[in-house]
C-alpha cells in the first residue's frame, strides 16, 4: 500500500479538436501541499475537474486512499472527502456566510442555523480564517469570500482540498494570509492540491510540484531543491525571462489628462476625489494601490462607463468628459478591463464576434450596415495567431470555452490590435502564466515605444515596478504622489499605498 | 488515426442548427409519446388519435389552407418573441401588440377604400406594423429609462390594448346588429383574395402567409447579416460587455422591443384581417402567448420558428377532429404543454444525443482498429 491519498494514473480526456489531458499522472501524499503547475490551457483545470467529478476521464484510473474509485459528480467527490475552491466563487450574494455554507446540507426540512453557526465558528477559529457566520456575502471582501469557500469544504469534512488558481483574485496581503491558512490546514493533516502558474506561491507553500505542459505530464519536482527558473522552464518548455527589457522612455505630449476628477462609487460616496494625472505619449504610468481604493472608479470614469461628479478628462487635448463611450473608443482609447468575463468578452459568442465587438460597424468589417464575415474572420485569425490564443476550434470557439489565460490574451490582442492612442490596462496579466506574462509585458512596452500612452493599473507591485516609467500611488481615491520608478523602491511605494506620504 | 477521430466526431451535432433541430424533434417526439400515453389512459388508441389530428389539419386543400392561415399568426408572434429573446428580452406583450395592430388595420380597412390594391396592402402592413411597434417600443422605453421590467411593462400594455379595443370597436367599426364585435371587413379590403380562396376550397388562406415568409427572411437577415443584429445580439448576450464596447444598450433595448412589437402587430393584421375578418371585444388573442411556445421550440431561430409554428398550427387546427373518436380536444393542448416542458430540458436531451453519437463513433473506431490489424 502506498501512502498516496490521491493517485490519478494515465488520465486522458479529449474535447472536440483538443486533447486536454494526455496520459497524466498525479500522486499526492497525505498532508502535503501539492502544486500543479502549467501554462494557461495546459490542462490543469481539466484534470482537477475530473478529480472533482465535473468531467469523466476517457481513460485512466483514480485512486483515493489507495482504493480505486469512480467519481461521477461533485457529490461523489464530496462523499470521498474531496472539496474544491473554484476560481469563480459559488456563493449566494445576499445570503449570510452560515446560510451559504449549509446550502445543500441543510439536513432536515427545518434547519438549525444556530448549531451550524457554532460549528462554523469553531472551524474558523481552529484554522485562523477569521470569518463570522452571520456576515452577508455581498458585504465582505473577495479574500473573505474565498475563506468562506474554504470553510464550506471544511464544514463538509473534506480532507483533500483543491484550490483552483486561488490567488488570482487576491491582494498581496490576502495572498499571504491564504498561504498561512494553507500551511495551517496541511499541519492539521489536510492534503492540499493547488493549481497555479505563480512560481513564488509554489515556492512559498508547496512541497512537491507536478508540471503539465500542453496536456502532457512533464515532471514532478521537489520544490525545495528546484529553482523558480527551472520550474518556469519546465512549464513553458524554454528558458523564461522574468525581467522586462526596456529602454529609457522618451515621453512626448500628454495623451491623457485627468483634471480634478471626482467620481462616486457604488456606495454613493466619493470613490475618486480630486484626482489629477497626466499620461504622456511614450510612457507607461502605473497606478499602485490596494484593491478597492478607487482604481475601478477612475478607470470607468475615464472610459465613460461611470458618470463623473466633477472634473474633466482630456484625450489628445480634446475634452472627452461628456462624450459617449463609442466616441471615446473612436478617438483611440483602448481598455483591457478588470473583469474579463463581465466586461471583456461575450462568453457565449464566438471569438470572431468578440474580436470585432468594438469595430463591427466600421469598414472593412461592415459596409452600409451589412457585416462582412470574411474580413471579420481574417482579422480574428490575425489576432489569435499573433497573440497565441489557444482554443479548440480556432476563431469559431465560444469565448467561454477558452481557459482564463487565453481569454485574457484574446482581450489584450483585441485592444492592442485596434491601434489605440491610449491603452488602459487593468491587471492585464491576472491569471496568466509566466510565458504569457512575459509576452504581454513585451507588447505593452512595445506600445509605449511606438509612442502610445499606457496607463497600467495592477495590484501586483512587481508588475508596476517592472513596467512603469512613473508610478502614481492611489489611496482612498486620492492621489498620494507620482514618483519616477527609478527614484523609488517597493518599501516607500508600499507606505504610500497605505496612505502615508513622505514629506520631502 | 488521430485525424480520423476528428473527422468522425465533427458531423451533425457540431452544426448548431442541426443540433437544435435534433433536440427540438426529440422534444416533439417525447411530447407525442406522453400524449399517446394519456390517450391510452383514457382507453383510446393513440395512433388513431394522431391520425385524426393529421386528418383534421391537412386532409384536403381547404384544411391545409386553414392550418396555414392559422399558423401565419404563430409564425409572426413566434418571430416576435424569438427576436426579443435573442436580444435578451422577454416580450410577453404579443397579445396587446396583436390587438393594436389588428385594431388600427381594421379601422384603416373600413375607411381607406380608395387606394389601388398593392399600395393598399402596403399601407395595411405599415399601419399594423407601426401600431404594434409602438406597443413594443413604449415598454422598451420604460425599461430603458426607468428600469421597469419588460415583462411587467408588456403585460400592462396587453391590458391597455384590451380596453382600448373594447371601446374603439364600439366607437369606430361596430357591427350595428351585434355590438360586441366589429363589422366584417369586405374581402377586397382584407388580406383574403378571390384567387387564394378559390384554389383552397374557400379556406381562410390569405396573403398574410407571404408576409410571414418575408418576415422570416428579413428577421434572419437582420440577426445574421447586419450590424444591427450584431448590436442587438451583443446586448442580449452580455450587456456589460456591449456597454464597454461602446454599444448604446438602452437604445438597443428600445429598438429590439420596437421590432418585436412590429412583428406581433403584423400577426394582428393577419389574424384579424385574414384568418378572421372581425374583432370581438373582450377577447385577447391567445396566439400572443402561444408565440412563446413557438419561439422556445424553434430555439429562437427564424427558420425553426417557421417550422414549429406550422407544427403547432397543425395540432391546433387538427384537434377538432379528435372528438370524432371521443378523445377530448384538450389532449392537443396538453401535448403542446408537454413539448414546452421538454424544451426546458433541452440541455439534458442534447447531452443524451452527444453521448450516443460519441459511443457510436468509438465503436466505429474500434472496428477500424480491428480491421487494420
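No lab work stands behind these numbers, since they all come straight from the coordinates. Here the structure is a predicted model, which means the values were calculated and not measured. All Cβ positions, even for glycine, are placed from backbone atoms using ideal geometry, and neighbour counts span all protein chains on display.
Here, the stretch A:254-497 is characterised by an Rg to Rh ratio of 0.97, where Rg is the alpha-carbon radius of gyration and Rh the Kirkwood radius.
From Cα pairs below 8 angstrom and at least 6 apart in sequence, can you work out the relative contact order of the stretch A:10-127, rounded to a whole percent?
Averaging sequence separation for qualifying contacts and normalising by length gives 18 percent for the stretch A:10-127.
Between B:68, B:40, B:134, where does the largest GNM mean-square fluctuation fall for chain B, given springs only between Cα atoms within less than 10 Å? The residue that fluctuates most here is B:40.
The largest-to-smallest principal axis extents of the Cα set in the stretch B:136-207 are 51, 30, 15 Å. Axis angle, to the nearest 10 degrees, between helix B:227-237 and the longest C-alpha principal axis of chain B: 70 degrees.
Peptide A:10-21 is shielded by partner chain Cβ atoms: per residue, an average of 2 of them sit within 10 Å of its Cβ. Note on the stretch A:159-233: Kirkwood hydrodynamic radius from all Cα pairs is 13.1 Å, rounded to one decimal.
Can you pull the mean other chain C-beta count within 10 Å for peptide B:243-254?
Numbers: counts 5, 15, 14, 14, 6, 3, 1, 0, 0, 0, 0, 0.
Partner Cβ neighbours, averaged per residue: 5.
If R0 is 51 Å, the Cβ-Cβ spacing of residue A:268 and residue A:73 corresponds to a FRET efficiency of close to 0.70. Its alpha carbons considered, the stretch B:304-352 gives a radius of gyration followed by a Dmax of 13.2, 40 Å. For the pair residue B:355 and residue A:87, a Förster radius of 22 Å applied to the C-beta separation gives a FRET efficiency near 0.20, rounded to the nearest 0.05. The C-alpha atoms of chain A define a longest principal axis, and helix A:434-449 lies at about 0 degrees to it.
Measuring spread by the Cα atoms of the stretch A:4-236 yields a radius of gyration and Dmax of 17.6, 55 Å. Taking every residue in A:320-326 and counting other chain Cβ atoms within 10 Å of its Cβ, the average works out to 2. Across the stretch B:62-323, Cα pairs under 8 Å and at least six residues apart give a relative contact order of 43 percent. Could you give P(r) for the stretch A:62-130, binned at 5 Å from zero, as whole percent values over all Cα-Cα pairs? It works out to 3, 13, 17, 21, 21, 13, 10, 3, 0, in whole percents.
Oblate is the label for the stretch A:349-434, because a/c, from the alpha-carbon gyration tensor with a ≥ b ≥ c as root eigenvalues, is 1.5 or above and a/b does not exceed b/c. Taking Cα atoms only, the orientation of helix B:94-111 departs from the longest principal axis of chain B by about 40 degrees.
For the pair residue A:229 and residue A:9, a Förster radius of 30 Å applied to the C-beta separation gives a FRET efficiency near 0.50, rounded to the nearest 0.05. The order of the peptides B:15-22, A:458-465 by mean Cβ neighbours within 10 Å, most packed first, is A:458-465, B:15-22.
With the convex hull drawn around the C-alpha atoms of the stretch A:210-350, the volume per residue stands at 199 Å³. With both labels modelled 7 Å from their Cα along Cα-to-Cβ, the residue B:341 to residue A:173 distance reads 5.5 nm.
Considering helices alone, the calculated mean residue ellipticity of the protein assembly as shown at 222 nm is -16000 deg cm²/dmol, with DSSP H runs of length four and up weighted by -39500 (n - 2.57) and normalised per residue. Relative intensity of the stretch A:106-251 on a log10 scale, I(q)/I(0) at q = 0.18, 0.20, 0.22 Å⁻¹, equals -1.09, -1.25, -1.41, per a Debye sum over C-alpha point scatterers of equal strength in the absence of solvent. DSSP beta bridges confined to chain A are antiparallel in about 55 percent of cases. Pull out a ≥ b ≥ c, the square roots of the eigenvalues of the alpha-carbon gyration tensor of the stretch B:218-367, then state rounded if a/c is under 1.5, prolate if not and a/b is larger than b/c, and oblate in the remaining case. Oblate, since a/c reaches 1.5 and b/c is not below a/b.
Here the contact order of chain A, divided by its residue count and restricted to Cα pairs under 8 Å and six or more residues apart, works out to 16 percent. Given the options B:155, B:219, B:119, which has the most mean-square fluctuation in a GNM of chain B, springs set between C-alpha atoms less than 10 angstrom apart? Fluctuation is largest for B:119. The label point for residue A:446 and the one for residue B:194, both projected 7 Å from the Cα toward the Cβ, are 7.5 nm apart. When the square roots of the Cα gyration tensor eigenvalues are ordered a ≥ b ≥ c, the ratio a/c for chain B is 1.5 or more and a/b does not exceed b/c, which makes its shape oblate.
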